[in-house]
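To start, the structure itself, in structure tokens.
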Amino acid sequence: MIFAYNPKYVSDTLLVITEDDRGLEQSVERKGNVARLETEDGRVIGWNFFAISEELTIEGSGQVTLTDDQVKKLNDLIKAAGFTEELVPDHEPKFVVGLVKSCEPHEDSDHLSITEIEVDNGNTLQIVCGAPNIRKGLKV
């Protein structure tokens, strides 16, 4: 989930992106100060909260981070507007740095490598990589 707030250029509106639209047509349903964006296949891909400073204090501008309590307040606003959906706090990292522990050529390819990447607290992932500059010891 991505939260964006830019009162100087976008007005007092909190934009919430919950999913990629995958290029599908979008529709918007607005009830009061809450608007739900969904794709033609019925997936909710975002929310707009207008006049948000009347409800929340948001620090910063651009992409912002909200607390679980602030997300709960957004859910209260969604429910009060008459929508049934709910935002679920997302604490997963969006960007991870890893260390290439090993890198071997893929036996069935002339350009792929099989790597072991150490991430977060020593967890290791096996990743097939097509980068020509991949090598052991590189941070990716």
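Looking only at V44, V96, V16, which one moves most when the chain is put into a Gaussian network model with springs between Cα atoms under 10 Å?
Per the Cα network of the chain with a 10 Å cutoff, V96 tops the list.
Listed highest first by mean packing, meaning other Cβ atoms within 10 Å per residue, what order do 121-128, 54-61 come in?
Ranking the peptides 121-128, 54-61 by packing returns 54-61, 121-128.
List the chymotrypsin sites (Phe, Trp or Tyr not before Pro) in the range 29-107 that DSSP assigns to loop (not H, G, I, E or B) and whose Cβ has at most 15 other Cβ atoms within 10 Å. Which are they?
Loop-located and lightly packed - F95.
At a Förster distance of 25 Å, what's the computed FRET efficiency of D41 paired with Q63, Cβ-Cβ distance as r, to 0.05?
Between D41 and Q63 the formula returns 0.40.
Out of the range 99-129, which GluC sites (Glu not before Pro) are coil in DSSP terms and have no more than 12 other C-beta atoms within 10 Å?
On the way: sites: E107, E116, E118; in loops: E107.
Those satisfying the criteria are E107.
Which of the trypsin sites (Lys or Arg not before Pro) across the range 50-114 are loop residues per DSSP, with 15 or fewer other Cβ within 10 Å? Walk me through the numbers on the way to the answer.
Working: sites: K72, K73, K79, K94, K101; in loops: K94.
Qualifying residues, ordered by number: K94.
May I ask you to give the percent of accessible area on the range 74-140 that is carbon plus sulfur, with a probe radius of 1.4 Å?
Accessible surface attributable to carbon and sulfur in the range 74-140 totals 52 percent.
Could you provide, to the nearest whole Å², the per residue accessible area of the chain with probe 1.4 Å?
Here the residues of the chain average 67 Å² of exposed surface.
How high is the relative contact order of the chain, in percent, with contacts defined as C-alpha pairs under 8 Å that are six or more residues apart?
On the way: 228 pairs, mean separation 23.2, N = 140.
Worked out over the chain, it gives 17 percent.
For n ≥ 4 DSSP H runs only, could you compute -39500 (n - 2.57) per run for the chain, divide by its residues and tell me the 222 nm figure to the nearest 500?
Working: 2 runs with 18 residues, N = 140.
Estimated from H runs of four or more residues: -3500 deg cm²/dmol.
Place a point 7 Å from the Cα of T84 along the Cα-to-Cβ direction; which residues of the range 39-59 have their backbone N under 16 Å from it?
Backbone N within reach: 42-44.
The values are calculated or read from the model by the stated rules, or taken from the named source; none is laboratory data. Note that the coordinates shown come from a computational prediction; the quantities given were computed from them, not determined experimentally. Methodologically, a virtual Cβ is constructed for each residue, glycine included, from the backbone with ideal geometry; neighbour enumeration extends over all protein chains shown. Accessible surface is based on the protein model in full, side chains and every heavy atom, while ligands, DNA and RNA are left aside. Shrake-Rupley method; radii C 1.70, N 1.55, O 1.52, S 1.80 Å.
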